[in-house]
Amino acid sequence: MAGTQLYHDYLQPFRIQKRLTLNQCFKTVQADAGTFDALTYVTFGGLDLYDAMDLVAVFDIRKHKINIVSYEQDRRIAADSRVRPVAATLSRIATVSIEIVPTEFFENSTPLHQLRENTRFVYFLDYTGTFGNRQIDSLSELFSDGLLRDQDYLMITSCISPRIVRQARFMLPYEDTFKLFYGASIVVDQEFKIRNHVDLLVGIALSRFERETLTTGSQPPLYAKLLRKFRYQDTRTPMGLWLYRFERSLIRSAKLEDGSFEEFPQAFAKKEGKEEEIPNIFE
C-alpha cells in the first residue's frame, strides 16, 4: 500500500525519529541485560545497515563480541550491502562479525543456529507492514527451534497507519481473545486494539509454544516482559515499536497488561526559542 511504501522508501539518514527510538531501545537492553560477553543481533538491515550503527553506538565493541545477521530477500541489495560503508567498515573490526543472508527472514535459519549457544540474542523484526498472522508464524518457529530463549530480546515494528488500524475490521476477530488475555472487564475499543495488537499477537505465539512444551516437555514456557512501547512518525506513516525481554515463566498464559505508547521524541518539552531582537532602522 502507498503509506507502507512511503515508509519503506524514505532514506534512512532522514529517519531521525527512528534513530532516536532505536537508541532508547538499545540503551534499555544494555541497562537491563547487565554483564555479558557476546551479543547476536538479528535484523532486516537493508542496503546500508544503519541500525547496526545504532547498535554499536551503544554497545562497546571493546567489551563485547557482536555478531550481526541481516536478512535481505532481494539478492541484488544483499550483494550490494556487503560493500557499503557500514558493513565494509565494521567487518574489519576483530570483535564484530557481519553475515548478510540473501533470503526472506527465517527461510534460512542456519546462521542463527550456528551462533545460538553462549550468546544473548536481540532480534529487530523491522516490519514495514502491520504485524499480523504471518509474523506470528515466524515467531512460533523461533520459539519451537530454540532460537528465541530466556533472556533474549525482541523488537518489533508495526505500521499503525490510520488507513489500516482505524478500519472497523482491524483485529475484529480477536476481540474475545483480547478479553481472554487482558481480562473480561476491559473495553476493547479501537485505541485499545491499536496500542495492544502486537502484545496480543506475541502472547498468542507464546501460548502456542506453551501448548507445544506441555506436550513434549522439552522446554519451559516463556513470558514476554514488555520493556518499552514507542510511537514515532518520520513520514506520514506512523509506526509503533515494541521491545520485549523473554524470561522463563511458571505461570501458564500470564495475563497481559494494557500499556500506552511513549510518544517519542514528541513527548519532550520543546525548547523555547529566543525572541530575536530586530533593530528599527528607521529611527
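For the stretch 125-142, give me each residue that is within 16 Å of Arg231 (Cα to Cα) and not polar (S, T, N, Q).
Filtering the stretch 125-142 for residues within 16 Å of Arg231 (Cα to Cα) gives 125-131.
Those that are within 16 Å of Arg231 (Cα to Cα) and not polar (S, T, N, Q): Leu125, Asp126, Tyr127, Gly129, Phe131.
Regarding Val42, is this residue in a loop (DSSP other than H, G, I, E, B), within 19 Å of the chain's Cα centre (by Cα) and at pLDDT 95 or above?
Numbers: in a loop (DSSP other than H, G, I, E, B): no; within 19 Å of the chain's Cα centre (by Cα): yes; at pLDDT 95 or above: yes.
Criteria not met by Val42.
Here is a check on your reading of the model: is Gln190 polar (S, T, N, Q), in contact with a Lys or Arg (Cβ under 7 Å, 6 or more places away or on another chain) and either within 30 Å of Asn23 (Cα to Cα) or at pLDDT 95 or above (or both)? Talk me through it step by step, then tell me what you get.
On the way: polar (S, T, N, Q): yes; in contact with a Lys or Arg (Cβ under 7 Å, 6 or more places away or on another chain): yes; either within 30 Å of Asn23 (Cα to Cα) or at pLDDT 95 or above (or both): yes.
When the stated conditions are applied, Gln190 passes them.
Which pairs turn up if I take residues in the stretch 195-214 that are of a type in the set (Gly, Ala, Ser) and look for partners that are part of a helix (DSSP H, G or I) with beta carbon separation below 8 Å, at least 6 apart in sequence or on another chain?
Gly203/Phe181; Ala205/Ile136; Ala205/Leu139; Ala205/Ser140; Ala205/Phe143
Pairs please, first residue from the stretch 1-24 and over 22 Å from Ala57 (Cα atoms), second anywhere and surrounded by fewer than 11 Cβ atoms within 10 Å (Cβ to Cβ) and at pLDDT below 65, Cβ atoms under 7 Å, 6+ apart in sequence or on different chains.
Qualifying pairs under 7 Å: none.
Sort through Phe44, Phe105, Phe36 and tell me the only one that's over 18 Å from Met155 (Cα atoms), out of contact with any helix residue (DSSP H, G or I) (no Cβ under 6 Å at 6 or more places or on another chain) and touching a residue at least 24 places away in the same chain (Cβ under 8 Å).
Phe36
Have a look at Phe131, Phe124, Phe143 and point out the one that is under 20 Å from Ala52 (Cα atoms) and touching a residue at least 40 places away in the same chain (Cβ under 8 Å). Before the answer, list the steps.
Details: Phe131 fails: under 20 Å from Ala52 (Cα atoms); Phe143 fails: under 20 Å from Ala52 (Cα atoms).
Matching residue, one of Phe131, Phe124, Phe143: Phe124.
Among the numbered criteria (1) crowded, with 20+ Cβ neighbours inside 10 Å; (2) charged (D, E, K, R); (3) touching a residue at least 60 places away in the same chain (Cβ under 8 Å), which single criterion is violated by Glu72?
With respect to (1) crowded, with 20+ Cβ neighbours inside 10 Å; (2) charged (D, E, K, R); (3) touching a residue at least 60 places away in the same chain (Cβ under 8 Å), Glu72 is out only on (3).
Looking at (1) of a type in the set (Val, Ile, Thr); (2) in contact with a strand residue (DSSP E or B) (Cβ under 9 Å, 6 or more places away or on another chain); (3) surrounded by fewer than 19 Cβ atoms within 10 Å (Cβ to Cβ), find the lone condition where Thr89 falls short.
(2)
Mind checking whether some residue in the stretch 143-150 is touching a Leu at 6+ places or on another chain (Cβ under 7 Å), assigned to a loop (DSSP other than H, G, I, E, B) and exposed (fewer than 14 other Cβ atoms within 10 Å of the Cβ)?
Among the residues of the stretch 143-150, at least one is touching a Leu at 6+ places or on another chain (Cβ under 7 Å), assigned to a loop (DSSP other than H, G, I, E, B) and exposed (fewer than 14 other Cβ atoms within 10 Å of the Cβ), which makes the answer yes.
Select from the stretch 239-283 the residues that are outside any strand (DSSP E or B), of a type in the set (Asp, Glu) and over 23 Å from Cys159 (Cα atoms) and write down the one among them that is modelled with the highest pLDDT. Break it down stepwise before answering.
Taking the stretch 239-283 as the starting set, the residues that turn out to be outside any strand (DSSP E or B) are 249-261, 264-283.
Among the residues that remain, those that are also of a type in the set (Asp, Glu) are: 257-258, 272, 275-277, 283.
Filter once more, keeping what is over 23 Å from Cys159 (Cα atoms): 272, 275-277, 283.
Details: Glu272: 66, Glu275: 59, Glu276: 55, Glu277: 61, Glu283: 50.
So, considering only residues that are outside any strand (DSSP E or B), of a type in the set (Asp, Glu) and over 23 Å from Cys159 (Cα atoms), the one modelled with the highest pLDDT is Glu272.
Given the conditions (1) among the hydroxyl-bearing types (Ser, Thr, Tyr); (2) out of contact with any strand residue (DSSP E or B) (no Cβ under 8 Å at 6 or more places or on another chain); (3) part of a loop (DSSP other than H, G, I, E, B), report the number of the one that Tyr174 does not fulfil.
With (1) among the hydroxyl-bearing types (Ser, Thr, Tyr); (2) out of contact with any strand residue (DSSP E or B) (no Cβ under 8 Å at 6 or more places or on another chain); (3) part of a loop (DSSP other than H, G, I, E, B) applied to Tyr174, the lone miss is (3).
Failed condition for Ala184, given (1) in a loop (DSSP other than H, G, I, E, B); (2) under 19 Å from the mean Cα position of the chain (by Cα); (3) among the aliphatic types (A, V, I, L, M); (4) surrounded by fewer than 22 Cβ atoms within 10 Å (Cβ to Cβ), with all others met?
Among (1) in a loop (DSSP other than H, G, I, E, B); (2) under 19 Å from the mean Cα position of the chain (by Cα); (3) among the aliphatic types (A, V, I, L, M); (4) surrounded by fewer than 22 Cβ atoms within 10 Å (Cβ to Cβ), Ala184 violates only (2).
Does Lys18 fit the bill of being of a type in the set (D, E, K, R), closer than 20 Å to Lys225 by Cα, within 18 Å of the chain's Cα centre (by Cα) and in a helix (DSSP H, G or I)? Quick ask: steps written out before the conclusion?
On the way: of a type in the set (D, E, K, R): yes; closer than 20 Å to Lys225 by Cα: no; within 18 Å of the chain's Cα centre (by Cα): yes; in a helix (DSSP H, G or I): yes.
Here the answer is no, as Lys18 does not meet what is asked.
The values are calculated or read from the model by the stated rules, or taken from the named source; none is laboratory data. Model, not experiment: these values are computed from the prediction. Note: ideal-geometry Cβ built from the backbone for every residue, glycine included; neighbour counts use all protein chains shown.
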